[in-house]
Amino acid sequence: MEEKIENIDTIVNYWKDSSDQNFETMQHLLHSKDYSWALFIGHLVIEKLLKALYVKKIQKHALYTHDLLRLTNKIGLVLTEEQEDWLDEISTFNLNARYDNYKQDFQKKCTKEYTFERISRIENIRLWLMKQL
């Protein structure tokens, strides 16, 4: 079993700062209309905030996972059904933007309307998670 870590605040701030940097990058990608990568980075925004929360609440290093629902379950966050659905969908952006066998179909799916709707969800979850920190 992993020992608890001592420098909790430093690690929490690392994850939060990294998430904030990714949030800025996501905004730049939206502006340049690189929608599939904006959604991929949006996934990282949420993942890193969840890892910050994990470290803060569990006081251990964050799990090596990209599965947002798994992280929320390990932290013990209570989610609405809608939040669960959103996190489940946002988790797919990690695979769809990264791997060639998914990438082309995902890029076609990422219209301006589709992307901005999902980015709005990412922003809502981001604000909710920041309040938890």
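FYI, it's all coordinate maths here, none of it is from the lab. Since we're looking at a predicted model, the values are computed, not measured. Positions of Cβ are backbone-derived with ideal geometry, glycine not excepted, and every protein chain shown enters the neighbour counts.
Below 8 Å between Cα atoms, with a sequence gap of 6+, how large is the relative contact order for the stretch 8-132 in percent?
Relative contact order comes out at 29 percent.
Once Rh for the chain is found with the Kirkwood sum over Cα pairs, what is the Stokes-Einstein diffusion coefficient at 10 °C and 1.306 mPa s, in µm²/s?
Once the numbers are plugged in, D ends up at 105 µm²/s.
For the modelled label position 7 Å from the Cα of residue 124 along Cα-to-Cβ, which residues of the stretch 82-117 have backbone nitrogen atoms closer than 15 Å?
82-90, 114-117
Around residue 106, under 14 Å between beta carbons, what's the net of Lys plus Arg minus Asp minus Glu among the other residues?
+1
Which residues make up the longest stretch of the chain clear of GluC sites (Glu not before Pro) that lie in a DSSP loop with no more than 14 other Cβ atoms within 10 Å, not counting the sites?
Counting at most 14 other Cβ atoms within 10 Å as exposed, the longest clean stretch of the chain is 7-133.
Apply the Karplus parameterisation 6.51 cos²θ - 1.76 cosθ + 1.60, with θ equal to phi minus 60°, to every residue of the stretch 40-46 and state each ³J(HN,Hα) to the nearest whole Hz, in sequence, with x for glycine and proline.
Along the stretch 40-46, the couplings run 4, 5, x, 4, 5, 4, 6 Hz.
Return 26, 130 ranked ascending by Cβ neighbour count within 10 Å, so the fewest neighbours appear first.
Ranking 26, 130 by Cβ neighbours within 10 Å, fewest first, gives 130, 26.
Give the order of 116, 40 when sorted by the count of other beta carbons within 10 angstrom, beginning with the fewest.
116, 40
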